[in-house]
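All remarks here apply to the structure that follows.
The values are calculated or read from the model by the stated rules, or taken from the named source; none is laboratory data. Not measured: the values here are computed from a predicted model. Here Cβ is always computed from backbone atoms with ideal geometry, including for glycine, and neighbour counts include all displayed protein chains. To get the accessible areas, we keep the full protein, side chains included, count just its heavy atoms, and leave off ligands, DNA and RNA. Shrake-Rupley method; radii C 1.70, N 1.55, O 1.52, S 1.80 Å.
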Amino acid sequence: MNTTDLEHVLTVLGADAWSADEQSRARVASGIALTVYNGHTRDQGSPYLEHPLAVITLLRTDIRASHPETLLLALLHDALEVAPESEALLVHHLGGPFTDRLRAMTADHRLEQRPKSDGDETRWRAKQAALPPEDLLVRLADRLHNLRDLAASPNVDRRWRFLQSLENFHLPLADAACGLSPQLAAMHALLHAEYVRHQQEVRP
């Protein structure tokens, strides 16, 4: 493992301000992230790890989220989507409860390594709506970064699907949750601003 890469992940997490036990856990989680995301790229062609690191940065700078477990969840939020076979590794090193949170944030067809089928989208939306506040915050931060990154995506259909989902699901979900915490209220405001920006871009 490249120590510089590990130290970069820890720096993005802000782990130097954490307790000794939290820093130890952060090093383990960062090592797993480097392993799981290694070799995977986003549809824009960028290394996959850049995405969870951007989600962490968004949470820390835009939302002022600082809870270590929330940030570690953000770091590994796509681990089971990218590599469902990593579940045993996650359980062994980070524990069953943490891994269960990741499972709850991952679509069933990804966990089961099969094509998306009828009913999967409905079940996926139900899973997201059932997330506890901190986990929902991470999922919405993931969505916000994806929206901000749409311009770099060559997939026009993906852009259309993300914007439709923002309008008919994620914005109402964020609206319903905005009273649960100041962070979720801030996230709702950012998602709404992103919606307005995209609406202005498509106007003739």
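For residue 167, are the conditions met, namely being charged (D, E, K, R) and farther than 20 Å from residue 126 by Cα?
The answer is no for residue 167.
On the basis of being part of a helix (DSSP H, G or I) and either modelled with pLDDT under 95 or under 18 Å from the mean Cα position of the chain (by Cα) (or both), does residue 140 make the cut?
Yes; evaluated as a whole, the condition is true for this residue.
Working only within the range 91-116, note down all residues that are under 19 Å from residue 135 (Cα atoms) and either surrounded by 18 or more Cβ atoms within 10 Å (Cβ to Cβ) or touching a residue at least 24 places away in the same chain (Cβ under 8 Å) (or both). Break it down stepwise before answering.
Within the range 91-116, the first condition is being under 19 Å from residue 135 (Cα atoms), and the residues that meet it are 91, 94-108, 110-111.
The answer is 94, 98, 99, 101, 102, 104, 105, 106, 107, 110, 111.
Can you run down the residue pairs with Cβ atoms below 9 Å, 6 or more apart or on separate chains, where the first is in the range 119-140 and over 15 Å from residue 69 (Cα atoms) and the partner is of a type in the set (Phe, Trp, Tyr) and buried (at least 16 other Cβ atoms within 10 Å of the Cβ)?
Within 9 Å, the pairs are 125/169; 128/169; 129/169.
If I ask for residues that are part of a helix (DSSP H, G or I), aliphatic (A, V, I, L, M) and either open to solvent by 40 Å² or more (accessible area, probe 1.4 Å) or modelled with pLDDT under 95 (or both), which ones from the range 150-184 would you list?
If the condition is that a residue be part of a helix (DSSP H, G or I), aliphatic (A, V, I, L, M) and either open to solvent by 40 Å² or more (accessible area, probe 1.4 Å) or modelled with pLDDT under 95 (or both), then 150, 151, 152, 156, 163, 166, 176 are the ones that fit.
If residue 170 satisfies every condition in (1) out of contact with any Leu (no Cβ under 8 Å at 6 or more places or on another chain); (2) within 25 Å of residue 133 (Cα to Cα); (3) not polar (S, T, N, Q) but one, which is the exception?
Residue 170 satisfies all of (1) out of contact with any Leu (no Cβ under 8 Å at 6 or more places or on another chain); (2) within 25 Å of residue 133 (Cα to Cα); (3) not polar (S, T, N, Q) except (1).
Looking only at the range 27-51, filter to residues that are part of a helix (DSSP H, G or I) and among the aliphatic types (A, V, I, L, M); which one of those is most open to solvent (accessible area, probe 1.4 Å)?
28
Only one of 45, 39, 31 is at pLDDT 95 or above and out of contact with any strand residue (DSSP E or B) (no Cβ under 8 Å at 6 or more places or on another chain). Can you tell me which?
Within the list 45, 39, 31, the selection yields 31.
Of these, 54, 88, 74, which one is surrounded by 21 or more Cβ atoms within 10 Å (Cβ to Cβ), modelled with pLDDT of 95 or more and either in a helix (DSSP H, G or I) or more than 12 Å from the chain's Cα centre (by Cα) (or both)?
Matching residue, one of 54, 88, 74: 74.
State whether the residues of the range 141-149 include one that is open to solvent by less than 10 Å² (accessible area, probe 1.4 Å) and more than 21 Å from residue 49 (Cβ to Cβ).
So far as the range 141-149 goes, no, none of its residues is open to solvent by less than 10 Å² (accessible area, probe 1.4 Å) and more than 21 Å from residue 49 (Cβ to Cβ).
Could you figure out which of (1) surrounded by 15 or more Cβ atoms within 10 Å (Cβ to Cβ); (2) closer than 20 Å to residue 185 by Cα; (3) modelled with pLDDT of 95 or more isn't true of residue 127?
(2)
Within the range 187-194, is there a residue that is touching a Phe, Trp or Tyr at 6+ places or on another chain (Cβ under 7 Å) and either open to solvent by less than 40 Å² (accessible area, probe 1.4 Å) or farther than 24 Å from residue 71 by Cβ (or both)?
No - not one qualifying residue is present in the range 187-194.
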